[in-house]
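Chemist: Pasting a structure below so you can have a look.
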Amino acid sequence: MAWIFLIIAGLLEVVWAFFMKASEGFSKPWPSIATIIFMFASFGLLSLSMKSLPLGTAYTIWTGIGAVGAFVVGVAVLGEQLSVMRVIAAVLIVSGLVLMKLSSSH
């Protein structure tokens, strides 16, 4: 169950990052409120996953899902630049996440 909580927490990190961008520096109320709601949900699920997963594993995977997910949403939804170097960086992050999962005893 901890891994499910962690994956959902990582996906919610992508959601709150998207709404934070949409809030334009917290100047728009609804995206700002959504940011805070999804942030709390993400942190809460991360906290639950850390009850049984090692800190380093949980935090690394959470931030990795958030980083790669935000990159994908930025390119696919917001029209941000897609370059070979950015794709390589995302692949390296995913590789690190896989290695972190494989090295975890949980």
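Chemist: Which whole-number value in Å² is the accessible area per residue of the chain, probe 1.4 Å?
Modeler: Working: 6400 Å² over 106 residues.
It amounts to 60 Å² per residue over the chain.
Chemist: Also: Between ILE33, ILE65, ILE88, which gets the highest mean-square fluctuation from a Gaussian network model of the chain, Cα cutoff 10 Å?
Modeler: Most flexible of the set in this elastic network: ILE88.
Chemist: Springs between alpha-carbon pairs under 10 angstrom, Gaussian network model over the chain: which of ILE36, ILE61, ILE93 fluctuates most?
Modeler: Taking springs between Cα atoms under 10 Å, the residue moving most is ILE36.
Chemist: For the chain, set up a GNM with springs between Cα atoms under 10 Å and report which of SER42, SER32, SER83 has the largest fluctuation.
Modeler: Result for the chain, Cα springs under 10 Å: SER83 fluctuates most.
Chemist: For the chain, what % of the accessible area comes from carbon and sulfur atoms, probe 1.4 Å? Walk me through the intermediate numbers first.
Modeler: Details: 4950 of 6400 Å².
It is 77 percent, rounded to a whole number.
Chemist: Quick one: grab Rg to one decimal and Dmax as a whole number for segment 1-104, Cα atoms only, in Å.
Modeler: Here Rg and the maximum Cα pair distance are 14.4, 42 Å.
Chemist: Show that you can apply the helix-only estimate: for the chain, add -39,500 (n - 2.57) for every DSSP H stretch of four or more residues, divide by all residues, and state [θ] at 222 nm to the nearest 500. Mind dumping the intermediate values first?
Modeler: Values: 4 runs with 84 residues, N = 106.
Mean residue ellipticity at 222 nm (helix-derived): -27500 deg cm²/dmol.
The values are calculated or read from the model by the stated rules, or taken from the named source; none is laboratory data. Just so it is clear, the structure is predicted and the values come from calculations on it, not from any experiment. For the accessible areas, the whole protein counts, side chains as well, though only heavy atoms, and no ligand, DNA or RNA atoms are used. Shrake-Rupley method; radii C 1.70, N 1.55, O 1.52, S 1.80 Å.
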